[in-house]
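All remarks here apply to the structure that follows.
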Amino acid sequence: MALAILPLAGLPPTPSDLPRHYVEYNIPPYGRGILADHVSVDWDGNYTPDRVLYGRFWYRDIFGDEHESGFLLHIRPGGAAVAGFPKYWYWT
């Protein structure tokens, strides 16, 4: 998993590559509450100018095939999804 805080103004339509980090967790079906203490991002606590949290997960399924999934959220109370940037939400 990797995280980055980016300014919304001028956000490119295609995200830059983030460093991949596999942690080899074995998560049971419907598993919840997994502590991702290996991931952090620096943030000064300000909501303006409008910034977003971009994240990406990489994982292997039970057959050993690699997959990925991303998200893009506003950094403000409620953290609503950011529309209009489908490549940040790309998943396999």
*When the range 35-55 is examined, which residues are found to be under 18 Å from Phe71 (Cβ atoms), exposed (fewer than 10 other Cβ atoms within 10 Å of the Cβ) and aliphatic (A, V, I, L, M)?*
none
*Only one of His74, His67 that is more than 13 Å from Leu3 (Cβ to Cβ), in contact with a Ser or Thr (Cβ under 6 Å, 6 or more places away or on another chain) and not polar (S, T, N, Q)*: His67
*Does Gly84 qualify as being within 14 Å of the chain's Cα centre (by Cα), of a type outside the set (Val, Ile, Thr), assigned to a loop (DSSP other than H, G, I, E, B) and farther than 15 Å from Ala2 by Cα?*
no
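Would you kindly identify the strands (runs of 3 or more DSSP E) lying entirely within the range 1-78 that contain at least 1 residues that are touching a residue at least 60 places away in the same chain (Cβ under 8 Å)?
Working: elements: 2-7, 51-60, 66-74.
Hits in the range 1-78: 2-7, 66-74.
Rule-based calculations on the coordinates, nothing more; no lab input. Note that the structure is a prediction, hence the values are computed from the model and not measured. Positions of Cβ are generated from backbone atoms using ideal geometry, with glycine treated the same way; all protein chains shown enter the neighbour counts.
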